[in-house]
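I have placed the structure first, in the form of structure tokens, so that the comments after it can refer back to it.
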Protein chains: 2
Amino acid sequence: MTGHENLWMRPERPARGPRPSFSRAALADAAIRVADAEGLEAISMRRLAADLGAGTMSLYRYVTSKDEVLDLMVDTAVREYLPEDQQPPGDWVEGLRLLAWQARRTMLRHPWLAPLAAARPQVGPNSARLTETALGMLDGLGLSIDEMLTFVGAVFAYVNGYTQGELVEAEATRRSGMTLQQRLAQHISYIQSLIATGEFPMLDRMTKEAGRHFMSSDERFAYGLDRLLDGLAASLRARGAADGPAGSR
Amino acid sequence: MTGHENLWMRPERPARGPRPSFSRAALADAAIRVADAEGLEAISMRRLAADLGAGTMSLYRYVTSKDEVLDLMVDTAVREYLPEDQQPPGDWVEGLRLLAWQARRTMLRHPWLAPLAAARPQVGPNSARLTETALGMLDGLGLSIDEMLTFVGAVFAYVNGYTQGELVEAEATRRSGMTLQQRLAQHISYIQSLIATGEFPMLDRMTKEAGRHFMSSDERFAYGLDRLLDGLAASLRARGAADGPAGSR
DNA sequence: ACATACCGGGTACCGTGTACGCAATAGCGC
DNA sequence: GCGCTATTGCGTACACGGTACCCGGTATGT
């Protein structure tokens, strides 16, 4: 109960004793390298230790569990969400849009990030900076903190949900070692068998029109994101007369 | 290469040989029971076999891997997304809203569902029925299939992202065996230490206003969902003059 | 009736996270 | 400078997970 049960509160380097031969950051970087190259399932304590030229159990001097390694990875990667320069455009819509795109780009660059970030509480310093930045963009609009969190939460829910869903197919293909063609052929032949029952007219149209996809994944993402931002902005505009985003109630 | 490499195309019960002593559905139900009661990490082949009164390796007569068990679980649970009666309201906005709520309710009822569904390709028959139903709601509005998929994809991206994020805290609390108070206390004291640096004015306001949360999780969800649907509807209305959801370009 | 194709499940193997203990090391107080 | 002690590095060992393989029994088609 000394308050050190949390990874982020635990001091990395105590005063006494021999120098640690690497750092948490190095551990996180090594893990990210492995996951980027070979996927999340390639990450094991033995593997990381080997990559760092250390014994397996040595890692536990830096981290109390594998879970904490994953926490480190997430928070390290989340730093890439944040824009380099100070203030982007002054408009909050532009600001949130930029943040959303930055998050999406990062998750596509690190395909392991989306599932990992979605599955564990975000608590690290970079996650905190992200929240701070996002809330800061909504400051001065007359929103309460609670309402700001609702706005930001909605945008990130969409970004995470969309991007994670998009990555699933790609990852499944990579993991199974099949070509995209092979996987598609499988799905198609199965869907054909469903269509044959006559209960799936829309899926039927889907396969018939499948040749010409008008929108790329980026365009679809942008479209949904912009609609959501439209809706939020409209609701904010309507606030002058009414009482707030919560509606009446 | 006989086309049986896909779970959903593989016949469950071949003609010859002794009767199987249970079914895939029973396997899925048992797994869902375990996961509902003890969480996803309690699911192992040995455990499921024991619950079914079977030998561990017998499960592999019904399924080629644990992954397929998870696929069965997801598709079985996804059936609960679908409304019981035939046609809900005729309005597509009401239809999608209903579907979104049904998905949310189901994911809250089965806390293991959101991460699982998000992490694997949706291919089962109930997922197909879901897509069919959702697309059917958008039929007759002058949208192409591609555009309909964009609409539906946006809504489900939001629903999945929001609900999964919401479940993370609850699950982490359950898994760690701590009370919510203990976990909160940990977070709070850490956040306090960040605020002490002076770099997090918004987080500071957050903790100060934390006492009065105006919106429940359901209300936040509803708010974001309704804004997204607003945006989609407005864009559809604007289609008469312009060229389509893709905007100009 | 008999061959065949399937079922049940025991045994065994490998890979995983990690508890534990011991030797080596660096900073502190004298 | 000299021990004392907190800390590090890490080998060993264990429990637990998925699943390949194999054998003996059983229901169906000929």
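Counting heavy atoms of the protein chains alone, A:Thr150 has an accessible area of about 10 Å² for a 1.4 Å probe.
Kirkwood analysis of the range A:1-132, using all unique Cα-Cα pairs, places the hydrodynamic radius at 16.2 Å. I want to verify a result. In a Gaussian network model of chain A, Cα cutoff 10 Å, which of these has the top mean-square fluctuation: A:Leu194, A:Leu149, A:Leu27? Sorting by GNM fluctuation, first place goes to A:Leu194. Using a Gaussian network model of chain A in which every pair of alpha carbons under 10 angstrom is joined by a spring, one finds that among A:Glu147, A:Glu80, A:Glu199 the greatest mean-square fluctuation is at A:Glu199. Inter-chain neighbour count for A:177-190: the average number of beta-carbon atoms from partner chains within 10 Å of each residue's beta-carbon is 2. In nanometres and ascending order, the distances from the A:Glu219 label point to those of the other copies are 4.0 (point 7 Å from Cα along Cα→Cβ).
Springs between Cα atoms under 10 Å define the GNM used for chain A, and in it the highest mean-square fluctuation of A:Leu141, A:Leu113, A:Leu167 occurs at A:Leu141.
Could you order B:Asp67, A:Asp75 by accessible surface area, starting with the largest, using a probe radius of 1.4 Å? Display every interim value, and only then the final one.
Working: B:Asp67 85, A:Asp75 10 Å².
From most accessible down to least: B:Asp67, A:Asp75.
Going by the alpha-carbon gyration tensor, a ≥ b ≥ c the square roots of its eigenvalues, is chain B rounded (a/c under 1.5) or, if a/c is not under 1.5, prolate (a/b greater than b/c) versus oblate? Verdict is oblate for chain B. Against the criterion of solvent-accessible heavy-atom surface with a 1.4 angstrom probe, B:Arg10, A:Arg33, B:Arg16, B:Arg109 sort, most first, into B:Arg16, A:Arg33, B:Arg109, B:Arg10. Peptide B:162-168 shows a mean partner chain C-beta count of 5 within 10 Å per residue C-beta.
Where a ≥ b ≥ c are the square roots of the eigenvalues of the C-alpha gyration tensor, would you call the range A:153-197 rounded, which needs a/c under 1.5, or, failing that, prolate if a/b is larger than b/c, or oblate? List each step's numbers first, then the result.
Numbers: a/c = 5.26, a/b = 1.63, b/c = 3.22.
In terms of gyration-tensor shape, oblate.
Please state the equivalent ellipsoid semi-axes for the range B:63-125: what are the square roots of 5 times the Cα gyration tensor eigenvalues, largest first, in whole Å?
Values: eigenvalues 129, 29, 17 Å².
After scaling each eigenvalue by five and taking roots: 25, 12, 9 Å.
Within the shell defined by Cβ-Cβ distances under 15 Å, the residues around A:Arg104 carry a net charge of -1, with Lys and Arg each +1 and Asp and Glu each -1.
Counting, for every residue in B:141-154, the Cβ atoms of other protein chains within 10 Å of its Cβ and taking the mean gives 5. Counting every Cα pair in the protein assembly as shown, what percent are over 40 Å apart? The calculated P(r) of the protein assembly as shown puts 25 percent of pairs beyond 40 Å. Only Lys, Arg, Asp and Glu carry charge here, each on its Cβ (+1 for the first two, -1 for the last two); on that basis the range A:85-238 has a dipole of about 580 debye about its Cα centre.
Around A:Gly198, under 12 Å between beta carbons, what's the net of Lys plus Arg minus Asp minus Glu among the other residues? Each step should come with its number before you reach the end.
Details: positive: none; negative: A:Glu199, A:Asp204, B:Glu132.
Value of the local net charge: -3.
The alpha carbon gyration tensor of the range B:113-173 gives principal lengths a ≥ b ≥ c with a/c of 1.5 or higher and a/b greater than b/c, which makes the shape prolate. Listed by chain and number, the lysines whose C-alpha is less than 28 Å from the C-alpha of B:Lys208, apart from same-chain residues fewer than 8 away, amount to an empty set.
Charged neighbours of B:Gly231, selected by a Cβ distance under 12 Å, balance to -1 (K, R count +1; D, E count -1). Ascending distances from the A:Trp101 label point to its copies in the other chains, with the point 7 Å along the Cα-to-beta-carbon line: 3.6 nm. Counting protein heavy atoms only, chain B has 54 percent of its accessible area on carbon and sulfur, 1.4 angstrom probe.
The values are calculated or read from the model by the stated rules, or taken from the named source; none is laboratory data. Since the model is a prediction, treat every value here as computed from it, not as a measurement. Note that we place each Cβ from the backbone using ideal geometry, even for glycine, and neighbour counts take in every protein chain shown. Calculation scope for accessible area: heavy atoms of the full protein, side chains included, ligands and nucleic acids excluded. Shrake-Rupley method; radii C 1.70, N 1.55, O 1.52, S 1.80 Å.
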